[in-house]
Amino acid sequence: MKKIVFMALLLGAAVGSAKAQIKEIGLHAIGTPHNPKVQMAWNRYYNYAQITDFCKRLQAAYPDLVRVESIGKSVQGKDLWLLTVTDFKVGQPENKPAFYADANIHSNELQGSEMLMYKAWYLAESFASVKFVKELLADKTFYILPTLNPDARDHFINELNTTNSPRSGLMPVDDDGDGQIDEDSFDDLNGDGEITFMRRKTPYGRLKVDPNDPHRMIPAKADELGDYEMLGYEGLDNDGDGQVNEDRPGSYDPNRDWGWNWQPDYIQNGALKYPFSLPETRAVMEFVTKHPNIAGAQSYHNFGGMFLRGPGAEEDVIYYNQQDVAVYDVIGKLGEKLIPGYNYYTLYKDLYTVYGGEIDWLSSSRGIFTFSNELMTNYLLFNAKPNNESRGQDNQAYEADKYLMFGDAFVEWTAFKHPQYGDIEVGGFKKNYVRNHPGFLLEYDGHRNLAFTMYHAYQMPKLAVQKVVKQSLGNGLTQVTATVLNSRIIPTHSSHDLKFKIERPDFITLKGAEVAAGMVMENLDFNVGREQKTSPAVIEVANVPGMGVVHVRWIVKGNPSNYTIEINSRKGGVVTQSGAF
């Protein structure tokens, strides 16, 4: 009997030891959540159903940190899932400075969704082990919309498309003005499940095969003729109008649908009927408008490796003064350090003019410090500056396919008898290459963009009552002076916000005392103040500057021994501090 008990104990110890060994297998890689509750692979692209599943699993695993809601419906009726990530045990989400981020407004720009999912996942999974994350979620709220365009995202993933299509949603538009829509679609000529390019041999061509890479077409020299001409994307003229691949779903641009400096289609190509004419953009507008605590924002696009700030059009430069640009400069220039190969640019000046764009609406209509993150750059392939950043033309994309992807990104040129063009060849890069990250770079760039977002969010206002001084004035009156500090670089109101009075002033309230007078101290050293003659207990302050202070003063009846001061700022949060004199 003793032998049996001994063997049982020994076996139990062995099982316990095995469990411990299984739990401790491997070494925690610094900067990455170890043994996450929600298992995810960050080297692939997810469809709408998988994004939905991720959101719900993350909420189930971390109910005190993550909540999921639908903020609206897409054209086809899909829910627009938004994740709210914060420490729900510390304050109300709407009473904290908030950061809004969305992605995939252009359906072929997939990776922003994965990067925003990674952001939410990292915050939740790292909360218990990373002090910075714990403190950040106590102070801030993150509103994360992984996909703004779920209909066309699934269309891009599941249907025949190119790297550039569909750029927008799935509402059909008559592109060629013939009164008909959805006439033509892509045709998979060689049946490989990919839409690539058509080329045709001709003695008068201006292109030739690169002698160093048979996949690549290069221009012939000025004094020589080439061997080929390019005929565009793979397809047929299905309706006999002499055009190939026109009138596919989604010819408009959701990023030209926002209510700031909106222009019609004949001025701004891609505009639809009127601002917020799409249910997706309208849902975001309504959410952001209902959440005035949003102080920072980023919209994830792809290609070029850029942090873009507004304005989108040169005439809007007047709305970006020196104080606001200084804030953008601090964040954008650090971004260049955080992500090698990325550049901090101004949209209209360094890229092109955009009317009715989202980042202009967020910054100029709502007073939110906003960037557009243009993800992926060919620099990431070999850590070398591209010699031509235009998509697919830089030879680095071809070299990376050859040496890093081993040909997985390219469809070999094959012969085809085209009914309109005759003998042609079909081939080229697959739809999810060049603009979209290869798998091995997706988590790498996602984490670095997370770091950029975290820094931006960290710099949203952090308010505190730094100092409270009491002074007897005699005759039963006491003077209470408070200094309120903002220890971050983003002010509670942008200069643009102040000029156009977008958001209400900040309120600083002395509670539990009978207040006879209140004032904002414009010069504390010289005892110069501006009295607020109505509601003196609640002082209205126009702005608490970044890395700056404001001083307020109350004259109260009696001689209080304790104080409670509340700061209530739309973008700076609600902070209450009590103490004894």
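Structure values in brief
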{"item": "Matching entry among Lys78, Lys89, Lys37 (being touching a residue at least 12 places away in the same chain (Cβ under 8 Å) and under 19 Å from Ala283 (Cβ atoms))", "result": "Lys78"}
{"item": "Residues of the range 467-486 that turn out to be in contact (Cβ under 8 Å) with a residue 60 or more places away in the chain and surrounded by fewer than 14 Cβ atoms within 10 Å (Cβ to Cβ), as a count", "result": "3"}
{"item": "Residues satisfying the stated conditions in the range 295-335, i.e. among the small types (Gly, Ala, Ser), out of contact with any His (no Cβ under 9 Å at 6 or more places or on another chain) and in a helix (DSSP H, G or I)", "result": "Ala326, Gly332"}
{"item": "Yes/no for Ala537 being more than 28 Å from Val327 (Cα to Cα), at pLDDT 95 or above and of a type outside the set (Val, Ile, Thr)", "result": "yes"}
{"item": "From the options Asn568, Asn543, residue that is part of a loop (DSSP other than H, G, I, E, B) and within 32 Å of the chain's Cα centre (by Cα)", "result": "Asn543"}
{"item": "Residue within the range 56-73 that is surrounded by fewer than 17 Cβ atoms within 10 Å (Cβ to Cβ), modelled with pLDDT under 95, farther than 21 Å from Leu136 by Cα and in the same structural domain as Leu136 (by TED's automatic domain parsing) present", "result": "no"}
{"item": "Residue in the range 456-468 that is farther than 28 Å from Pro292 by Cα and not aromatic (Phe, Trp, Tyr) present", "result": "yes"}
{"item": "Residue list for the range 451-466, filter: under 17 Å from Leu338 (Cβ atoms) and either surrounded by 21 or more Cβ atoms within 10 Å (Cβ to Cβ) or without any contact (Cβ under 8 Å) to a residue 12 or more places away in the chain (or both)", "result": "Phe452, Thr453, His456, Ala457, Gln459"}
{"item": "All positions within the range 229-242 that are surrounded by fewer than 17 Cβ atoms within 10 Å (Cβ to Cβ) and not in a strand (DSSP E or B)", "result": "Leu236, Asn238, Asp239, Gly240, Asp241, Gly242"}
{"item": "Top-ranked residue in the range 212-228 [being touching a strand residue (DSSP E or B) at 6+ places or on another chain (Cβ under 7 Å) and part of a loop (DSSP other than H, G, I, E, B); ranked as nearest to Asp423 (Cα to Cα)]", "result": "Leu225"}
{"item": "Only listed residue being outside any helix (DSSP H, G or I), polar (S, T, N, Q) and at pLDDT 95 or above, chosen from Thr453, Thr492", "result": "Thr492"}
{"item": "Criterion violated by Leu380 - all others in (1) over 19 Å from the mean Cα position of the chain (by Cα); (2) part of a loop (DSSP other than H, G, I, E, B); (3) not aromatic (Phe, Trp, Tyr) satisfied", "result": "(2)"}
{"item": "Members of the range 471-489 that are over 17 Å from Lys96 (Cα atoms) and part of a loop (DSSP other than H, G, I, E, B)", "result": "Asn475, Gly476"}
{"item": "Count of the range 428-450 residues which are in a strand (DSSP E or B) and either surrounded by fewer than 22 Cβ atoms within 10 Å (Cβ to Cβ) or among the hydrophobic types (A, V, I, L, M, F, W, C) (or both)", "result": "1"}
{"item": "Selection from the range 491-524 of residues that are among the polar types (S, T, N, Q) and surrounded by fewer than 13 Cβ atoms within 10 Å (Cβ to Cβ)", "result": "Asn523"}
{"item": "Residue pairs meeting the criteria (Cβ under 6 Å; at least 6 apart or on separate chains; first over 15 Å from Asp139 (Cβ atoms), in the range 560-578; second among the acidic types (Asp, Glu))", "result": "Arg570/Glu503"}
{"item": "Some residue of the range 348-356 being β-branched (Val, Ile, Thr) and outside any helix (DSSP H, G or I)", "result": "yes"}
{"item": "Filter pass, Leu308 being at pLDDT below 95 and not assigned by TED's automatic domain parsing to the domain that holds Lys571", "result": "no"}
{"item": "Any hit, the range 293-301, residues being modelled with pLDDT of 90 or more and surrounded by fewer than 23 Cβ atoms within 10 Å (Cβ to Cβ)", "result": "no"}
{"item": "Flag for Leu110 being more than 30 Å from Tyr233 (Cα to Cα) and buried (at least 23 other Cβ atoms within 10 Å of the Cβ)", "result": "no"}
{"item": "Odd one out for Pro264, checked against (1) in a helix (DSSP H, G or I); (2) free of Cβ contacts under 8 Å to residues at least 40 places away in the same chain", "result": "(1)"}
{"item": "Every pair of residues 6+ apart whose Cβ atoms lie under 7 Å, when the first sits in the range 133-144 and is closer than 18 Å to Val68 by Cα while the second is of a type in the set (Lys, Arg)", "result": "Lys140/Lys96; Thr141/Lys96; Ile144/Lys119"}
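The values are calculated or read from the model by the stated rules, or taken from the named source; none is laboratory data. Nothing here was measured: the structure is a model prediction, and the numbers come from that model. Cβ sites come from the backbone with ideal geometry, for glycine too, and all protein chains shown count toward neighbours.
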